[in-house]
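Presented below is the structure to which this report refers.
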Amino acid sequence: MKQLLLEIGTEEIPASFLKPALLDLERRVRAALAESDIPAGPAELFSTPRRLALRLSDVANGKPAQIVELQGPPRKAAFDTQGNPTKTAVGFSAAHGKTPTDLYFKQTPRGEYVFLKKQTDPVPTTKVLQERLPGIISALPFPKNMRWDASGLRFARPIRWLVCLFGPDAVEFPLGELRSGADSRGLRNSEPHSFRITAPAEYAAALEAHGVIASHDTRRQTIAEELSRLAATVEGRPVDDEELLDETTDITESPELLLCSFSPDYLGLPAEVLITALKKHQRCFSIRKADSDELLPRFVAVTNTPGCDRAAVAGWYEKAAESRLRDARFFVEADLKHGLEALVEDEKQVTWIEGMGTYFDKSERLRRLCGILAAWVPGLDAAGLDRAARLCKTDLLTNMVREKEFTSLQGRIGGIYARSLGEPPAVADAIAEHYLPRFIGDKLPATLNGALLAIADKLDNIVGTFLNGKIPTGSEDPFAARRQASGLLAIILERRLPMNLEGLIETAVSRFPNSKSEYSDQIPGFFRDRLSALLAEQGIRYDVALAVMETSWDEPTQAMLRAAALTAYRSQPEFEKLAVGQKRVANILKSETASVVPVKELMSEPTERELWEQSNAIVPELSVALKAQDYQQAFRLLLSLRPTIDKFFDDVLVMDKDPNVRSNRLNLLHYVRSIFRTVADLSKIVIEGE
């Protein structure tokens, strides 16, 4: 067993490209080795802006020679009735370097066939690497690729060197105009220009000796510790920002941190504006006072230039920050002077999506949707929600967002302005929160008005996307409809809101000018699929999710509660028999669509009368349980019918010769199934062994 090292040296790769590419590199290398039956142990991943590296431990020297058994043609095709080999037998054996005398017979499920045994050649790991690594590297996916030499090789950035070691030995292979070897490089413009890696185990130490911290986690910890230390020297603490910490880690090879300052006059800016100006444009960390959330006129810059003139570089960062903060202050002052209400009228001149109306039209649709949502949630500040819906898109027309300098603040800056202009806190908070969650794992709106406005906005976005024909397909989702649907459903489930999605979708669609679009019918199914995925993420079995969504997909909160109760009852011994009974009912009624209330006078068998009476008897209690959302009690009531249902199938012939009796018994099964479907469709439950 040896260690395998592969380093791809490049020009600076964008930070967001690194982690996905590394994970894919490991997956592809492991798959290539596995295809040749070469085992490999744990992996270590390294990355900097100028390199992607993989180190695999416990990689076998290769696939040893093996004796394999090969199946050939049927015996009757390989040998005639006298036992002489045919051309088929001769050809099969010759193809593997054998003669017909090497063939033997074995019985298989398909009859008697001829077989032979042969020894395969050993496959050295080095050979597999030489053959497979060029294709693996050139196939790594990136959001954007570039071609830079005559070979036509494409990669995120130009590849400048390649290191591949298997144990102490270099593995040489061509890639475009390059050839792999054992020589790596340190920091840009450093001396010596290159240096040799003597063994995979020495990789990180060799790079560190030349100024490069190869481990992402080590660099991240180094930055975090130095950031806290520098902030403490001015009695402060860094603003928590995991995203910025990851980004600065991925844009440096040897991070050097500098404590900088700006004029205290800029502390009058809203804190989020100041923090964003330093983060987005300078990749710098703001500093708060150690004992409060108040900002200090200090920030920390992360450079990739060890040994630089710290004072000169800090001065450059301070001048750049001064320029950004000055622009931000101008935007804020101009925006507050103009106000948000005046921008409502301006929205009429700005197109939202071509053919989908203006931002004013969108705001009016949001007000309509919010009015419906407010009626479903008792005790809500409906007037405040309506005001937030009216103003929530105005910040897109402010200098702060419109000039593309602070687009990441959309929504939040609207909330800041609303509060500064005297709007009630509930209105300002709803505006600030209505884009949440912005991504998977992001925080959800903290206020009820913010949650409802976020639901309305995401639904309007999704409906507009579909009606415009921009349907998510495969990996294509240009308007992030899936993410928005997941966020909308997450808000509903987290707050257990009493939403009826089907009715809400119909209302949202009806407010668009092209509401008759051929794509509108696809929207409910889209939400149903997203809810199914969300329930799966919460550990709900797919068949349980399917059972509850058959009856309540359009009420996500109900679907979640029913799924939880069904999951609890699924393990009970009686439940499996109940599900089997419902499957039998579903099979019998598969081709029976029409049903009416059964007639008791046509029930000649005692068991069918008993099933009719017991089913009727539980309906009042079942209604009470459903109204109270006590789904455990609902399942207890359904379980009480199981013995009678089983007895019905034992005693009663459903498909009786008398058409009136047969029809009545089918109507009875329809009735029983309708009672079950007020809770869930148990025929969708998968029974072990099916």
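The values are calculated or read from the model by the stated rules, or taken from the named source; none is laboratory data. These figures come from a predicted structure and were not determined experimentally. Quick reminder, even Gly has a Cβ in these numbers, built from the backbone with ideal geometry, and neighbours come from all protein chains shown.
Considering only segment 251-265, state which residues are in contact with a strand residue (DSSP E or B) (Cβ under 7 Å, 6 or more places away or on another chain) and either more than 26 Å from Arg188 (Cα to Cα) or in a helix (DSSP H, G or I) (or both).
Listed by number, the residues that qualify are Ser261, Phe262, Ser263, Pro264.
Just checking, which of Val597, Val580 is surrounded by fewer than 20 Cβ atoms within 10 Å (Cβ to Cβ), outside any helix (DSSP H, G or I) and out of contact with any Pro (no Cβ under 6 Å at 6 or more places or on another chain)?
Of Val597, Val580, the one residue that is surrounded by fewer than 20 Cβ atoms within 10 Å (Cβ to Cβ), outside any helix (DSSP H, G or I) and out of contact with any Pro (no Cβ under 6 Å at 6 or more places or on another chain) is Val597.
For the list (1) under 28 Å from Thr407 (Cα atoms); (2) modelled with pLDDT of 90 or more; (3) in contact with a Pro (Cβ under 7 Å, 6 or more places away or on another chain), I need the number of the one condition that Leu493 fails.
Only one criterion in (1) under 28 Å from Thr407 (Cα atoms); (2) modelled with pLDDT of 90 or more; (3) in contact with a Pro (Cβ under 7 Å, 6 or more places away or on another chain) is unmet by Leu493, namely (1).
Tell me whether segment 12-25 contains one or more residues that are part of a strand (DSSP E or B), touching a residue at least 60 places away in the same chain (Cβ under 8 Å) and in contact with a strand residue (DSSP E or B) (Cβ under 6 Å, 6 or more places away or on another chain).
No, the conditions are met nowhere in segment 12-25.
Output yes when any residue across segment 188-196 is assigned to a loop (DSSP other than H, G, I, E, B), under 20 Å from Arg55 (Cβ atoms) and among the hydroxyl-bearing types (Ser, Thr, Tyr), and no when none is.
yes
Mind checking which helices (runs of 4 or more DSSP H) fall wholly inside segment 69-150 and carry at least 2 residues that are under 50 Å from the mean Cα position of the chain (by Cα) and under 30 Å from Ala40 (Cβ atoms)?
Output list reads 125-138.
Being under 20 Å from Ala21 (Cβ atoms) and either in a helix (DSSP H, G or I) or hydrophobic (A, V, I, L, M, F, W, C) (or both) is the filter here; which residues of segment 201-244 pass it?
Tyr203, Ala204, Leu207, Val212, Ile213, Ala214, His216, Asp217, Thr218, Arg219, Arg220, Glu243
Looking at (1) crowded, with 16+ Cβ neighbours inside 10 Å; (2) in contact with a Lys or Arg (Cβ under 6 Å, 6 or more places away or on another chain); (3) over 17 Å from Asp681 (Cα atoms); (4) modelled with pLDDT under 90, which is the only condition Met655 fails?
Only one criterion in (1) crowded, with 16+ Cβ neighbours inside 10 Å; (2) in contact with a Lys or Arg (Cβ under 6 Å, 6 or more places away or on another chain); (3) over 17 Å from Asp681 (Cα atoms); (4) modelled with pLDDT under 90 is unmet by Met655, namely (1).
Being closer than 16 Å to Ile675 by Cβ and either at pLDDT below 80 or acidic (Asp, Glu) (or both) narrows it down to one of Val585, Val548, Val596, so name that one.
Unique residue meeting the criteria: Val596.
Would you confirm whether any residue within segment 429-447 is touching an Asp or Glu at 6+ places or on another chain (Cβ under 8 Å) and over 30 Å from Gly268 (Cβ atoms)?
Yes; the residues of segment 429-447 include at least one that is touching an Asp or Glu at 6+ places or on another chain (Cβ under 8 Å) and over 30 Å from Gly268 (Cβ atoms).
The rows are residues; the columns are (1) charged (D, E, K, R); (2) within 12 Å of Val679 (Cβ to Cβ).
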| site | (1), (2) |
| --- | --- |
| Ser615 | no, no |
| Ala628 | no, no |
| Gln632 | no, yes |
| Leu638 | no, yes |
| Asp646 | yes, no |
| Asp650 | yes, no |
| Met655 | no, no |
| Val661 | no, no |
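Restricting attention to segment 37-70, and to residues there that are touching a helix residue (DSSP H, G or I) at 6+ places or on another chain (Cβ under 9 Å) and among the small types (Gly, Ala, Ser), which single residue is farthest from Leu4 (Cα to Cα)?
Only one residue tops the list, namely Ser47.
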